[in-house]
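*Asks:* Have a look at this one before I ask anything.
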Amino acid sequence: MGFSLDIILPTLVSVSDHTSPLAKKWKSKMKKTKKDAALAVIQTLESELSLARGPLIPGLPDDIALNCLLQVPVQSHPACRAVCKRWHLLLGYKERFFTRRKELGFQDPWLFIFAFHKCTGKIQWQVLDLTHFSWHTIPIMPCKDRVFPHGFRCVAIPHEGTLFVCGGMVSDMNCPLDMVLKYEMQRNRWTVMSRMLTARSFFASGVIDGMVYVAGGNSTGFFELDLAEVLDPIKGKWRPIASMGTNMTSYDAAVLNGKLLMTEGWMWPFSFSPRGQVYDPRSNNWESMAVGLREGWTGSSVVVDGHLFVVSEHERMKLKVYDVETDSWDAVEGPPLPEQICKPFSVNSSENRIYVVGRNLYVAVGHVRRMKLTCTFEKKWSFFVGWQVVDPPEAFSDLTPSSSQVLFA
C-alpha cells in the first residue's frame with residue numbers, strides 16, 4: 001500500500017536568507033552544531049537498528065529524515081509505525097521518541113492535568129498536546145488507593161520534562177502523606193523519590209532554580225505547620241530551611257522574582273485579612289506578604305512575563321494582574337473566562353499563554369499581550385487577554401481538575 005510523505009511529514013518552514021558575514025558565520029555554526037547532534041543520534045539509532053535495512057525515508061539522508069520523523073504528531077504514530085521496521089522502532093515507543101527529540105533540541109509544550117472522578121474520587125492524569133490539541137494518557141501514578149485528590153501539590157521543571165507530586169492525604173483518615181513521586185516525560189515513567197522530612201497536605205510548593213520548595217500545610221489532626229524544606233532533584237535529598245514563623249495552610253502559591261509566595265486566602269466569614277508569607281532562598285528568610293497582594297489574591301495564580309496574574313473565583317472570573325509598585329491589582333482588558341470553564345479550575349502558563357482547566361477538562365487558552373500606555377502618567381503598561389477553548393472528549397465529562405503542569409518535550 002502506498003503512502004504520501006506530504007501527509008506524514010510536517011511542513012518545513014523556510015528561513016529568510018541573511019547576507020551579512022556575521023549572519024553567515026552564525027548560520028554555518030548552527031548548521032554544523034545541529035548536524036553533529038543529528039549524526040550522533042543517527043549513530044546511536046543505527047546500532048539499535050543494525051538488523052533493519054534501508055533508509056528511513058527513500059531519497060533523503062538519514063539525519064534529515066530523522067529530523068522530519070521526530071516532528072510527526074504522536075496521534076499519527078500508530079499509522080506511521082506500520083510503514084517499516086525502522087519507523088516502528090523509532091515511533092513505536094514514546095520513551096525512544098522523546099529521548100531522540102530531547103537529544104536534538106525539540107521543545108514543544110504539553111499540558112499535564114491531574115484530575116479525579118467526581119463520583120468515585122479516583123485520580124488520573126490526562127495530557128493535552130498543546131501544539132496539535134490532541135489528548136493522551138501516561139502510566140498510572142503509583143500511590144495509595146484511598147487518597148484525597150485535593151491534598152497533593154504538583155510542581156514541574158518544564159524544560160527538563162519532569163513533574164513532582166508531593167504529600168497528600170489518605171481519604172477519611174486525616175492522615176497526611178510524606179510521599180514524593182517524579183514523572184519523567186522522556187522516559188514516560190514514574191519514580192518514587194525520597195520522602196519529605198514532614199508529612200503534609202494543603203501546603204505551598206514551587207520550583208526555584210531547579211530546587212523544589214514546600215512549606216506549611218496540614219499535619220495530623222489538621223494541625224497547621226510552619227515547617228519548610230527543599231528537595232535537590234539531582235541528589236534526591238530533602239533538607240530543612242527556615243521555618244515560616246507562623247503556622248498556616250496554603251490556598252495558593254507562586255514563584256515570582258526568585259521568591260516563593262504563599263497565601264492562606266480569604267476564609268469565611270471574611271472577618272480577618274488573609275495571611276501571606278514570602279520566602280527568599282538567597283537569604284533563607286521569610287517575611288510577611290504585602291497587604292494589597294494578599295488581600296487581592298482571590299483565585300488561582302500564574303506568572304507570565306514576570307507578572308503575577310490571578311484568575312479570580314469572583315468578579316465574573318476575570319483575569320487580573322498585580323502591580324508591585326503600587327501594591328494593587330489591575331483588571332486585565334478582554335473578556336472573562338469562556339462560559340464552558342466552570343469551577344473548580346486549575347491554572348498554568350507557557351510563555352505568553354495561560355491555560356485554565358475547568359470542570360470536565362475544558363481548557364481555555366488565554367493569549368496575553370502587554371500594551372504600553374502613552375496617554376496616562378499613572379500606568380506605563382496594561383495587559384489584554386483573548387480566549388479560545390479546547391473541547392475535551394465526552395469520556396472526560398465526570399472529571400474535575402486538581403492541578404495542571406506544562407512540560408516540554
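*Asks:* Residue check, Leu337 against (1) touching a residue at least 24 places away in the same chain (Cβ under 8 Å); (2) surrounded by fewer than 22 Cβ atoms within 10 Å (Cβ to Cβ); (3) of a type outside the set (Lys, Arg), all met but one. Which one?
*Replies:* Status for Leu337: all satisfied but (2).
*Asks:* A further question follows. Looking at Cys342 and the list (1) in contact with a helix residue (DSSP H, G or I) (Cβ under 9 Å, 6 or more places away or on another chain); (2) without any contact (Cβ under 8 Å) to a residue 12 or more places away in the chain, which single condition is not satisfied?
*Replies:* That leaves (2) as the condition not met.
*Asks:* Please specify each residue of the range 110-156 satisfying the condition of being among the polar types (S, T, N, Q), more than 18 Å from His77 (Cα to Cα) and touching a strand residue (DSSP E or B) at 6+ places or on another chain (Cβ under 9 Å). Break it down into steps so the answer makes sense when it comes.
*Replies:* Taking the range 110-156 as the starting set, the residues that turn out to be among the polar types (S, T, N, Q) are 120, 124, 126, 131, 134, 137.
Adding the requirement that they be more than 18 Å from His77 (Cα to Cα) leaves 120, 124, 126.
Correct list: Gln124, Gln126.
*Asks:* To continue, here is another question. For the range 168-190, which positions are assigned to a strand (DSSP E or B) and more than 18 Å from the chain's Cα centre (by Cα)? Break it down into steps so the answer makes sense when it comes.
*Replies:* Within the range 168-190, the subset assigned to a strand (DSSP E or B) is 168-170, 175-177, 180-184, 189-190.
Hits for the range 168-190 are Gly168, Met169, Val170, Cys175, Pro176, Leu177.
*Asks:* From the set of residues in the range 68-87 that are part of a helix (DSSP H, G or I) and aliphatic (A, V, I, L, M), which is nearest to Ser346 (Cα to Cα)? Let's see the steps before the verdict.
*Replies:* First pass over the range 68-87, keeping only residues part of a helix (DSSP H, G or I): 68-69, 74-80, 85-87.
From what is left, the residues that are aliphatic (A, V, I, L, M) are 69, 74, 79.
Working: Leu69: 33, Val74: 25, Ala79: 34 Å.
The qualifying residue nearest to Ser346 (Cα to Cα) is Val74.
*Asks:* Could I ask something else about it? Among the residues of the range 225-233, is there at least one that is part of a loop (DSSP other than H, G, I, E, B) and within 30 Å of Glu103 (Cα to Cα)?
*Replies:* The answer is yes; a qualifying residue exists.
*Asks:* A follow-up question, please. Would you point out the residue of the range 312-326, among those that are closer than 18 Å to Gly386 by Cβ and either in a loop (DSSP other than H, G, I, E, B) or modelled with pLDDT under 95 (or both), that is nearest to the chain's Cα centre (by Cα)?
*Replies:* Step one: filter the range 312-326 for residues closer than 18 Å to Gly386 by Cβ, giving 312, 316-321.
If we keep only those that are either in a loop (DSSP other than H, G, I, E, B) or modelled with pLDDT under 95 (or both) as well, we get 312, 316-318.
Working: Ser312: 20, Arg316: 25, Met317: 22, Lys318: 22 Å.
That would be Ser312.
*Asks:* Can you give me the number of residues within the range 191-218 that are crowded, with 20+ Cβ neighbours inside 10 Å, out of contact with any His (no Cβ under 9 Å at 6 or more places or on another chain) and part of a loop (DSSP other than H, G, I, E, B)?
*Replies:* Residues that pass the stated criteria total 4.
*Asks:* Hey, can you tell me all the residues within the range 88-134 that are part of a loop (DSSP other than H, G, I, E, B), more than 17 Å from the chain's Cα centre (by Cα) and hydrophobic (A, V, I, L, M, F, W, C)?
*Replies:* Leu104, Cys119
The values are calculated or read from the model by the stated rules, or taken from the named source; none is laboratory data. Treat the numbers as computed from the prediction; the structure is a model and nothing was measured. Cβ coordinates were reconstructed from backbone atoms using ideal geometry, including for glycine residues, and neighbour counts include every protein chain displayed.
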